[in-house]
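S.K.: For reference, the structure I am asking about is given below.
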Amino acid sequence: MMNIILFDSDARMHLLPLTATRPMGELRIGILTIREKWERLLRGSVSYITQEYLQEKYPIHIEEDNLILNGGVLPTEQLSRKIADLQQNEALLLNGELIAARLNEARFESLIEDEEVHELQGIELDESIAIYPINQLWQLTHLAGQAFESDFNLITSGRATQALSPSNRVIGASQQIFLEEGAKIECCILNTTDGPIYIGKDAEVMEGSILRGPVSIGAQAIVKMGAKIYGPTIIGPGCRAGGEITRCILMANANKSHDGYLGDSVLGEWTNLGADTNNSNLKNNYSEVKLWNYATEKFDKTGTQFCGMIMGDHAKCGINTMFNTGTVVGVFANVFGAGYPRNFVPDFSWGGADGGYRTYKFNEACVTAEAVMARRNVPFNELEKAILYHIYDRTAQYRSWDK
């Protein structure tokens, strides 16, 4: 197997709060994460060069022969073929920026220490190779449809699906539906006219649900009765999904179990939306949406009319919460109460529009994290605690009420 090392690009800061708790390679775009795509396309195993506080959880593994890849680029078959052809000490560049390099251990160490490799032969990629850099949060949902089709073909090629129960109604091509072992789905409507539907291992889609592809339901995820899901939507492993969902990504172990609308949004891991939570993904005047950017510390133009909510890991909201168009909710924010919260809710906030905010005390947050993760049989250890404390400390500047 090829040894693959993904490094975070400078765009990482623009992808906060999602990249606060993970390297860029762990972002889910399509059915698979960036890491999972590269591992399948290049038949290798991935490790990371990432932020120091994340490095222990995502350790680097170096061998004599290494492929160094930019974690902020969407993997494609065309690009993977170009990378696979690299010889030792060759690199692929896009406008001078490193996309991929093949290095032995000594030259890799030189890259880490000096941020350059002497005698590295750079090959500038031409326009025939489509490159999709991931530089902004809103790109995740916009690239999801394109990534979904590639992932579906990659996962299902040469494999047979489990049989679909005759209690379901299929609109479109039944060949565009793939069920992994243990997947359960009864009395549902599945429409593949606009894209395929993928149901992961041991996932369950309860009766009365309507899925309009492209839609992916990850391993051990559950779609609640009567859910209405419009593609491209990705429900990651271990998630709970219900109500109405349009063009969204739920990374993993996220809960949007109840009625309410979620559109053009990304939910991080261990998030939870209270019953009847709704978000806006289109402004009333149909104008361009602006979104909070941690890197620029202001609301930046997205270039799109459709942009809902970005919610960092462990964030939660109470019942009947309403989110405005283009809202960013930080890691471990807890939002509740009447009225619309602000369009940027800082990390470790506690409160809402009607009563104001206080800081979510770190020890209290850790108690909650331990209880939540235990429900999926995932331990909350000292390493997870240290990562969250780094985020808690780094984001204190945004909690103005503490100043």
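S.K.: List every residue pair whose Cβ atoms sit under 6 Å apart, with the two residues 6 or more apart in sequence or on different chains, where the first one lies in segment 358-375 and is under 25 Å from S400 (Cβ atoms) and the second, anywhere, is part of a helix (DSSP H, G or I).
M.R.: Hits for this filter: T359/D402; F362/Y392; C366/K385.
S.K.: Are there strands (runs of 3 or more DSSP E) fully within segment 288-368 with at least 2 residues that are surrounded by fewer than 18 Cβ atoms within 10 Å (Cβ to Cβ)? List them.
M.R.: 298-301, 356-359
S.K.: Just to be sure I understand, how many residues within segment 56-68 are closer than 30 Å to K385 by Cβ and either in contact with a Pro (Cβ under 8 Å, 6 or more places away or on another chain) or surrounded by 14 or more Cβ atoms within 10 Å (Cβ to Cβ) (or both)?
M.R.: Number of matching residues: 4.
S.K.: Name the strands (runs of 3 or more DSSP E) wholly within segment 223-270 that hold at least 3 residues that are free of Cβ contacts under 8 Å to residues at least 40 places away in the same chain?
M.R.: 228-230, 244-246
S.K.: Inside segment 127-171, can you point out the residues that are surrounded by fewer than 13 Cβ atoms within 10 Å (Cβ to Cβ), farther than 27 Å from E207 by Cβ and of a type in the set (A, V, I, L, M, F, W, C)?
M.R.: Scanning segment 127-171 gives a single hit, A130.
S.K.: Take the residues in segment 184-207 that are of a type in the set (D, E) and either more than 20 Å from Q220 (Cβ to Cβ) or within 24 Å of the chain's Cα centre (by Cα) (or both); name whichever of them is surrounded by the fewest Cβ atoms within 10 Å (Cβ to Cβ).
M.R.: D194
S.K.: Further question: Considering only residues that are crowded, with 18+ Cβ neighbours inside 10 Å, under 25 Å from F148 (Cβ atoms) and of a type outside the set (V, I, T), which ones fall in segment 93-112?
M.R.: A100
S.K.: Which of the residues belonging to segment 307-340 are in contact with a strand residue (DSSP E or B) (Cβ under 6 Å, 6 or more places away or on another chain) and without any contact (Cβ under 8 Å) to a residue 24 or more places away in the chain?
M.R.: V335, G337, Y340
S.K.: Follow-up. Restricted to segment 210-222, and to residues that are in contact with a Lys or Arg (Cβ under 7 Å, 6 or more places away or on another chain) and part of a strand (DSSP E or B), which residue is nearest to A275 (Cα to Cα)?
M.R.: My answer is I222.
S.K.: Now for a separate question. Output the number of the condition that T271 fails; it satisfies all remaining conditions of (1) farther than 17 Å from T395 by Cβ; (2) of a type in the set (V, I, T); (3) buried (at least 24 other Cβ atoms within 10 Å of the Cβ).
M.R.: Unmet for T271, out of (1) farther than 17 Å from T395 by Cβ; (2) of a type in the set (V, I, T); (3) buried (at least 24 other Cβ atoms within 10 Å of the Cβ): (1).
S.K.: Within segment 13-22, can you find the residues that are surrounded by fewer than 24 Cβ atoms within 10 Å (Cβ to Cβ) and closer than 21 Å to E97 by Cα?
M.R.: Residues satisfying the conditions are M13, H14.
S.K.: Considering only segment 367-379, I want to know if a residue exists there that is closer than 30 Å to N135 by Cβ and more than 21 Å from the chain's Cα centre (by Cα).
M.R.: Looking through segment 367-379, none of the residues is closer than 30 Å to N135 by Cβ and more than 21 Å from the chain's Cα centre (by Cα).
S.K.: Take the residues in segment 331-356 that are in contact with a helix residue (DSSP H, G or I) (Cβ under 6 Å, 6 or more places away or on another chain) and not charged (D, E, K, R), then tell me which one is farthest from S265 (Cα to Cα).
M.R.: Looking at residues that are in contact with a helix residue (DSSP H, G or I) (Cβ under 6 Å, 6 or more places away or on another chain) and not charged (D, E, K, R), I get F348.
S.K.: Follow-up question, since we're still on this one. Quick one: would you say V372 is hydrophobic (A, V, I, L, M, F, W, C) and either assigned by TED's automatic domain parsing to the domain that holds N255 or at pLDDT below 95 (or both)?
M.R.: The answer is no for V372.
S.K.: Which of the residues belonging to segment 369-403 are exposed (fewer than 12 other Cβ atoms within 10 Å of the Cβ) and within 18 Å of V328 (Cα to Cα)?
M.R.: If the condition is that a residue be exposed (fewer than 12 other Cβ atoms within 10 Å of the Cβ) and within 18 Å of V328 (Cα to Cα), then Q397, S400 are the ones that fit.
S.K.: Would you tally the residues in segment 28-53 being in contact (Cβ under 8 Å) with a residue 40 or more places away in the chain, more than 17 Å from N153 (Cα to Cα) and either crowded, with 21+ Cβ neighbours inside 10 Å or not hydrophobic (A, V, I, L, M, F, W, C) (or both)?
M.R.: 8
S.K.: Next question. Here are some conditions: (1) crowded, with 16+ Cβ neighbours inside 10 Å; (2) under 29 Å from K201 (Cα atoms). D8 meets all but one. Which one does it not meet?
M.R.: The number of the failed condition is (2).
The values are calculated or read from the model by the stated rules, or taken from the named source; none is laboratory data. Bear in mind the structure is a predicted one, so any value in this text is a computation, not a measurement. In this analysis, Cβ positions are derived from the backbone assuming ideal geometry, glycine residues included, and neighbour counts consider all displayed protein chains.
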